[in-house]
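The values are calculated or read from the model by the stated rules, or taken from the named source; none is laboratory data. Since the structure is predicted, the reported quantities are computational estimates derived from the model, not experimental observations. Counting neighbours? That spans all protein chains shown, and the Cβs are built from the backbone with ideal geometry, glycine included. To get the accessible areas, we keep the full protein, side chains included, count just its heavy atoms, and leave off ligands, DNA and RNA. Shrake-Rupley method; radii C 1.70, N 1.55, O 1.52, S 1.80 Å.
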Amino acid sequence: MKNLAKLALFFSVSFVIAFLCFALLYFLALWIDAARMVSVDVEQSANLVTALGRALPAALYITILLALSYTARRKMPIPLSIIAIIVLSAIFTFGFSLGTRQIEGLNFALKSGASVRGRPGLILSRQNNAMVLLKESGNALGPRVVSLPGRQLFYQEVPMGPNNAALALPAMPFRDETPWFIRSMLIDFTLTAREFDDTFREGIIPFSIYAGALVFLLASLRFLLEASSWPLANLFLGALAFRGVLALDTFLGAKEINTLLVSFIGKRLPPSFITPLAFCALGILVILYTLLVHLARGRGAEDA
């Protein structure tokens with residue numbers, strides 16, 4: 001009972017710290033993106049609710065990983081550890097999701113300040129596309145010279161009309177030296193946060209099924225945190241496995257993959273249940289593997 005109390009305290013503190021840190025990072029990222037906008041037709045702002053929603057999956061993944069490592073170092077029984085972490089994760093996930101929706105009505109936002117105004121001749125570029133504005137940047141539909149990959153330089157005097165679509169003004173070019181591994185992980189967290197938000201808006205039952213299946217799969221990976229006698233190596237191995245689960249979540253949630261699975265399964269299962277079913281099936285397989293390994297080790301010890 002004492003170990004459970006310590007685990008609950010450790011989980012609570014870790015979740016709150018991770019949630020606040022990621023919420024702050026996402027809020028600052030949204031504020032920077034708003035400040036980079038060149039067009040002044042729309043007032044840009046960084047929304048706190050959006051940052052809180054994006055921070056929830058990241059905090060959940062990291063806290064479960066740290067909690068599993070904690071239970072392994074404390075030599076807590078695997079079944080007890082999995083059940084306790086599932087219960088704690090469910091409470092915090094539902095509670096923080098509900099709290100985020102409650103403050104959504106406040107619509108707190110941080111304005112990015114004065115929008116960037118560029119003089120005629122401002123060159124904007126994104127990847128291989130380039131655009132030269134011939135008037136002030138505040139005129140988003142003003143004349144410009146555009147360069148697109150594989151095409152010659154062309155002039156748009158009035159970038160409107162059925163055969164002359166207006167190209168959106170790209171953001172101010174800042175250097176982005178973030179490694180691809182980190183960027184891809186943040187993208188996957190954002191997509192998972194969107195799935196959290198969509199299922200929560202559909203109702204408590206779809207949200208509980210999706211979040212519960214995800215937590216069940218993550219908690220079932222407890223055996224990885226005692227794969228060796230080095231806790232740090234086990235933590236790194238668990239982090240790689242969690243990254244794989246995050247990528248799998250994004251893969252199954254892709255529109256093309258979801259459509260393919262729906263066409264394969266047919267009407268026997270609602271589309272929103274495909275990803276949770278896959279998570280539950282994988283979690284059950286991992287738990288069965290853990291049980292068989294435990295039984296094999298016990299029999300080997302008896303024979304010795």
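Residue ranking by accessible heavy-atom surface, 1.4 Å probe, largest first, among Ser272, Ser97 comes out as Ser272, Ser97. When all protein chains stay in place and ligands, DNA and RNA are ignored, the 1.4 Å accessible-area order of Glu256, Glu226, largest first, is Glu256, Glu226.
Rg/Rh for the range 190-304 (Cα atoms only, Rh after Kirkwood) is 1.08. Using a 1.4 Å probe over the heavy atoms of the protein chains, calculate the carbon and sulfur portion of the accessible area of the range 203-303 as a whole percent. After summing per-atom areas, the C and S share lands at 75 percent.
Just to confirm a number: summing +1 for Lys and Arg and -1 for Asp and Glu over residues other than Gly212 whose beta-carbon lies under 15 angstrom from that of Gly212, what do you get? Working shown, then result.
Numbers: positive: none; negative: Glu195, Glu202, Asp249.
Here the charged neighbours net out to -3.
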